[in-house]
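Nothing in this text is a laboratory measurement; each read-out follows from the coordinates by a stated rule. This structure is a prediction, so every number in the text was calculated from the model and none was measured. All Cβ positions, even for glycine, are placed from backbone atoms using ideal geometry, and neighbour counts span all protein chains on display.
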Amino acid sequence: MMSKTIKTVSATEDYPDDWSFNATEDYPDHWSYNATEDYAKHWSYNAQHEWFKTYPDCGQRSQSPVNLPYKGFIKAKTPRKLIFGNYNEHPQKFSVNNDGQRVTFKGEWKYDRQPYIYGGAGHSRRYTFHSITLHWPSEHSVEGIMYPIESQVLHVSADYKTLEEAMKASARDPLAFLGIVNLYMFSNYTHEGLSSMLKAAKLSNHSNSDMALNPLQYYNPPFKEYACYQGSLTVPPCTESVLWLVRAHALSVTRNALDSFPVRSAQGPMFSRLVQPLNDRKVYYFKH
């Protein structure tokens, strides 16, 4: 895929807000959420150690989330910049769904105004926005450090008309999905997009609720630096066909914003999957 140029990562914060790469090596040359609702009826986070019995992919070797190391990144570049197309377009509808296991946000845009990702680590493929989910504490970690909360922004390859079609094709297409990971670190303010999502989730009370019609960039600001690895969906059926892009600079959240967030589980974290082994997968670093 790319030459194996190894970079070193360092950070000093308890919740590091970025990664510093210090090395001298050269650079190497309209969606429906209903398709996934059936899966949610048959699993729970509290029984995640047994997911593989019903969903065999959950026990495979390229699962997500993972712990990202400070060292061992492969610095890479691509002739195409990462493009956040139509991210400034206002949706016709935007809503939150709290099903008791996941807090998910989705929107509806005119066909030619749907937000999409193109270029970067995804090369020449185009990925259309599908949904945002919140996980707390974070599912992904950095050198063993978990963050207070994480948002995952799922996109589906434009080669497929529906999420279900993409999942059926995943066995032969390891890049059927593109996911963006936004990690949030404690600070003295809360990112406005996350603040809106937390407030909406708090009011949704295990139901669908409409939200203000903000463009997608309000919730998922475009970025130019990110780590990238090949992984899976973090919930059953754990399909191993996701190209994950992890934002290099954490966004902000206050302790009060999370302390006032009422969705909790008496048995521990209810909205997170445990970290999975990285095994022999490589983690790449892109800066456009």
Item to complete: Show the residues, 5+ positions off or on another chain, whose built amide H is closer than 5 Å to the amide H of Val283.
Response: Ile74
Worksheet, complete the sentence: Final fewest-first order of Arg273, Arg126, Arg61 on the 10 Å Cβ neighbour count is Arg61, Arg126, Arg273
Worksheet entry | the range 132-145 - phi-based ³J(HN,Hα) in whole Hz, Karplus 6.51/-1.76/1.60, Gly and Pro as x | 10, 10, 9, 9, 9, x, 4, 7, 6, 9, 10, 6, x, 8
